[in-house]
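See below for the structure under consideration.
The values are calculated or read from the model by the stated rules, or taken from the named source; none is laboratory data. Bear in mind that the values here come from a model prediction, so they are computed numbers and not experimental data. Cβ sites come from the backbone with ideal geometry, for glycine too, and all protein chains shown count toward neighbours.
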Amino acid sequence: MFEDFLQKSLAELEAQHRRRRLRVSGLATGALVRFGDKTLHNFASNDYLGLAAHPQVIAAAVEATREFGAGTGASRLLTGTQTPHHDFEEKLAIFKNTAAALVFANGYAASTGALQALAGKDDVVLLDKLSHACLVDGARLSGAVLRPFHHNDTGHLEHHLRWAREKYPQARIFIVTESVFSMDGDLAPLREIVELKDKYGAVLLLDDAHATGVLGRGGRGLADQLGLSNRIEVQMGTLGKALGSSGGYIAGSRALIDFLINRARSFVFSTAAPASTAAAASAALDLSTGAEGDCRRAKLRELASLFHPVPPAAIHPIIIGPEEDTLRTSKQMAQLGFHVPAIRPPTVPQGTSRLRVSLSAVHDPETVRALAGALRAVSAPEEPKTDNPDTVCPVCGAALISEKCKVVCRSATCGYRIVFNCSEF
Ligand SMILES: Cc1ncc(COP(=O)(O)O)c(C=O)c1O
């Protein structure tokens, strides 16, 4: 019976083109990824600055492993807090311009732990509709009244704030949003949100996962970029993206951190992440705030400007719609040498399946131009574009010629061509 239930559920996912499978990769970070014997240009990693494979970051992790061991053996509250955790938290608090910071095993645990601890059943959580699952799950765990507001719609947020103040006059109201949205790559209207938060006496939890290392001075995030750091009560982020390690954090007042140390269940009841992750993130933070970080961010901006005249950050979605078409397009991209994963529900709303390109400072402009050309070619299969000098062959870099139902490389020796699913065929 139980096995039948599992098989039936998997078959349903398969029929909806939503079944996920694990793929073992050889080289997961950096510009390339290897699946079996196939090496692809990697546009799926959130290692935005390319620090996961940086020699200084690796050396810090190795050194900490030698000194402190591969595992911590206990939760942070028992013997799991080692010197690298402590030192990194002090450095992180300075980086975020807050009084204190606390490291969790990952960003998911940081968000769920913080929201579960901070909000209760008599409180209200107002959450941007496109917020990451860890924010939604944390809000649900808290038992608070949960109201999503339309994505980046401050009018709708204010409507909810007014409603919450009237209906629950005693409640604490939390506003929860991301600074750079993980699947859309756009920015929250943070200044307006902070103004509304102050006007209605609410508390803001900002998830800076995709802005840490990428935006702001030294990669301090969107709040820093807008000069709002000291007006946000709960700043959350991850060490697993631009900081090239793994772990998550909450930064804020000393009282906030002391409260979470006592009440965040994902912190209290979980073995501490190895010291190597804190040491690696600490080395990455030094790189991010130094000249090398500025250099890598400048390169990232330059690459992102190949997709967008004023790129918000490093994520570029290509919305296709149906799951099946998105999967097919992702496979076509793999055939052309690019790993650009298909993102489907429940990660994104129904009907908005997409390819998600994430750029990194370790990419080179030629490969990103080739990627853009290949994306243009494969994501508009019904209407192949006419000859476009910006469209270059992803294999050899020569110009592509678009004809009805096919795109071919101009180079006589290359042989690259894509044939589309036109009705005449
Ligand atoms: C916006 C956002 N918040 C939080 C997380 C969770 O961070 P972590 O991967 O460290 O658990 C992610 C990761 O995908 C994310 O995209």
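Restrict the check to the stretch 295-307 and report whether at least one residue is surrounded by 17 or more Cβ atoms within 10 Å (Cβ to Cβ) and within 16 Å of the ligand (Cβ to nearest atom).
No; the residues of the stretch 295-307 include none that is surrounded by 17 or more Cβ atoms within 10 Å (Cβ to Cβ) and within 16 Å of the ligand (Cβ to nearest atom).
With respect to PRO312, determine if the residue is of a type outside the set (A, V, I, L, M) and at pLDDT below 95.
Yes.
With within 14 Å of the ligand (Cβ to nearest atom) and at positive phi as the only criterion, which of GLY185, GLY201, GLY219, GLY237 stands out?
Every option except GLY185 fails the conditions.
Checking ASN230 against (1) away from the ligand (no atom under 13 Å from the Cβ); (2) outside any helix (DSSP H, G or I), only one condition comes out false. Which one?
Failing condition for ASN230: (2).
Out of the helices (runs of 4 or more DSSP H) lying entirely within the stretch 47-127, which hold 2 or more residues that are more than 16 Å from the ligand (Cβ to nearest atom) and more than 27 Å from ALA223 (Cβ to Cβ)?
Counting at least 2 such residues, we get 55-68.
Any idea which of GLY185, GLY201, GLY240 is under 13 Å from the mean Cα position of the chain (by Cα), in a loop (DSSP other than H, G, I, E, B), more than 21 Å from GLU302 (Cα to Cα) and modelled with pLDDT of 95 or more?
GLY240
If I ask for residues that are surrounded by fewer than 23 Cβ atoms within 10 Å (Cβ to Cβ), in contact with a helix residue (DSSP H, G or I) (Cβ under 6 Å, 6 or more places away or on another chain) and either closer than 14 Å to VAL203 by Cα or of a type outside the set (A, V, I, L, M) (or both), which ones from the stretch 104-120 would you list?
TYR108, GLN116
For the stretch 303-357, how many residues meet the condition of being under 20 Å from THR29 (Cα atoms), in a strand (DSSP E or B) and of a type in the set (Val, Ile, Thr)?
Number of matching residues: 3.
Which condition does HIS54 not pass, out of (1) buried (at least 19 other Cβ atoms within 10 Å of the Cβ); (2) farther than 30 Å from HIS363 by Cβ, if it passes all the others?
(2)
Does LEU141 satisfy being assigned to a loop (DSSP other than H, G, I, E, B) and within 23 Å of the chain's Cα centre (by Cα)?
no
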